[in-house]
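To keep things clear, I will list the structure first and then write my remarks on it.
Where a number appears in this text, it was derived from the coordinates with a stated rule and is not lab data. What you are looking at is a predicted structure, and each value in this text was computed from that prediction instead of being measured. Counting neighbours? That spans all protein chains shown, and the Cβs are built from the backbone with ideal geometry, glycine included.
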Amino acid sequence: MINKVIFFTNGNSSDVSTWSNIPYLFTKTLEKHHIVIHRVDISINNMIQRIFDKIIFPIIGLFYPKHVYTFDRTNLFAFITNRKIRNAVKRNADSDLCIFTTFSFYNKYNDIPTLLFSDWTYEILIKERLGRKLYFFEKQVSKRETEAITNSPIVISLFPECASSMKLSYPSANIHYLGSNVINSLYFGKFESKEIIRNKTKSNDILFIGVKSYIEGAQKLVNSFRLFSQKYPNYTLHLIGIQPNWLKENYSNVCCHGYLRKDNEAENALYYHLLLKARFIINPSPIWASYSSTIEAMYFYTPVITTPYKDFVSEFGESIDFGYYVEDFSEAGISETIEKMCKAERYTEMCEKAHDKVADYTWDSYVEKILALATIYI
């Protein structure tokens, strides 16, 4: 029986903006199950972080391009974090479980068991997302993850392909994918499926959700949308998470909303207004296409245009009945896919299928799976 958990996060787990709302929703759902949470923020002083990221990070990049060696990967950060872990487990020795939202650390100081929960490892990020080998200084980060993963009773990845890859890399570890992902929604308004679908069928709004790391895909989408607009000028493209000055050119029917915080009442309202009104969501980024935002949009009956990246295909199949995969990555090809979606005869069915695919991707369901797993292995 789990009654008390020490919850370690790189950031404040009470803050909605920390890691795509995941720690906030995770801990709130655990509390709904009457579990006491002791929150431990392992993030470091912002000044130290800024010095490293603004000065040291770019210098390293001159010699090792595309490196991802941020301050939270350093030995100094590991030293400081391990002291926090040691103090936290000592102060809360009556806890039943330590949960880490990272694969880099675990409890090695007493007998409170560890559950690791994250998306992918550092090695997967570099080898599969960036398509290169680890630099020598990045190998120590991978070594630290290997120690944490192989010494934790339970390890959970949010994604099926990542979990499969991790099982090959760490055959002695107890690695799990729980059969589904989870939607990080903070919408508290009226949820009427027929009304939502009816509004979408009348909408000429197209939605993109991402962050600056998706700027290449966003720019290609904007260029593709310009071609589409020559034939269909009444549509508007909305970009959440993108600033106008990040784009090479701005167009009158392209609206950049920047990052919208879900813990800000006005920004939350705008985010869900755009999501509920969007005719479909699109992200043509080839390697990874904003998975969390996509499945949240699906929950709100929004058809999808996305790229066939491995984890999405593994979860939803090589062909999808709730939208289209981008097959031609040229601007003309993406424009044609947008047109195909706008003219789709089975649009209403796509809306319903999108929701049905993720209808049970709730935090209540996901936490119940985690607690069931914990009763087996802990």
Of the listed pairs LYS133/LYS212; LYS66/LYS231; LYS54/LYS167; LYS310/LYS369; LYS143/LYS369, which have alpha-carbon separations greater than 31 Å here? LYS66/LYS231; LYS54/LYS167
Built amide H within the under 5 Å cut-off of HIS38, gap 5+: VAL5, ILE6, PHE7
Can you work out the FRET efficiency for the pair HIS273 and TRP246, with r the C-beta to C-beta distance and R0 = 30 Å, to the nearest 0.05? 0.85
Per DSSP H run of at least 4 residues, take -39500 (n - 2.57); add these up for the chain, divide by its residues and hand me the 222 nm value, nearest 500 deg cm²/dmol. -13000 deg cm²/dmol
Read-out Cα extents along the principal axes in Å, derived from the coordinates shown; its label in (i) 65, 49, 40; (ii) 70, 52, 40; (iii) 68, 48, 34: (i)
Among THR337, THR74, THR307, determine the one that fluctuates most according to a GNM of the chain built with springs between C-alpha atoms less than 10 Å apart. THR74
Under the definition of Cα pairs under 8 Å and six or more residues apart, what whole-number percent is the relative contact order of the chain? 14 percent
In order through segment 223-232: 3J(HN,Hα) via Karplus (6.51 cos²θ - 1.76 cosθ + 1.60), integer Hz, x for Gly, Pro: 5, 5, 5, 4, 5, 4, 5, 4, 9, 10
How high is the relative contact order of segment 193-358, in percent, counting Cα pairs under 8 Å that sit 6 or more residues apart? 26 percent
Which order do THR236, THR101 fall in if you start with the one that has the fewest other Cβ atoms within 10 Å? THR236, THR101
Would you calculate the separation in nanometres between label points at HIS38 and ASN75, each defined as 7 Å from the Cα along the Cα-to-beta-carbon direction? 3.0 nm
Would you calculate the separation in nanometres between label points at ASN45 and LYS84, each defined as 7 Å from the Cα along the Cα-to-beta-carbon direction? 1.4 nm
Using the count of nearby Cβ atoms within 10 Å as a rough guide to exposure, how do SER314, SER118, SER193 rank from fewest to most? SER193, SER314, SER118
Net dipole in debye of segment 193-358 [+1 Lys, Arg Cβ; -1 Asp, Glu Cβ; about Cα centre; nearest 20]: 420 debye
Take VAL313, VAL5 and order them by how many other Cβ atoms sit within 10 Å, fewest up front. VAL313, VAL5
Lys and Arg at +1, Asp and Glu at -1: add these up for the other residues within a Cβ distance under 10 Å of VAL68 and post the number. +2
How many nm is it between the label spots at GLU265 and VAL211, if each spot is 7 Å from the Cα in line with the beta carbon? 2.7 nm
Would you list, by chain and number, the lysines whose Cα falls below 21 Å from the Cα of LYS194, excluding same-chain residues fewer than 8 positions away? LYS202, LYS277, LYS343, LYS353, LYS357
GNM top mover of ILE124, ILE156, ILE59 - the chain, alpha-carbon springs below 10 Å: ILE59
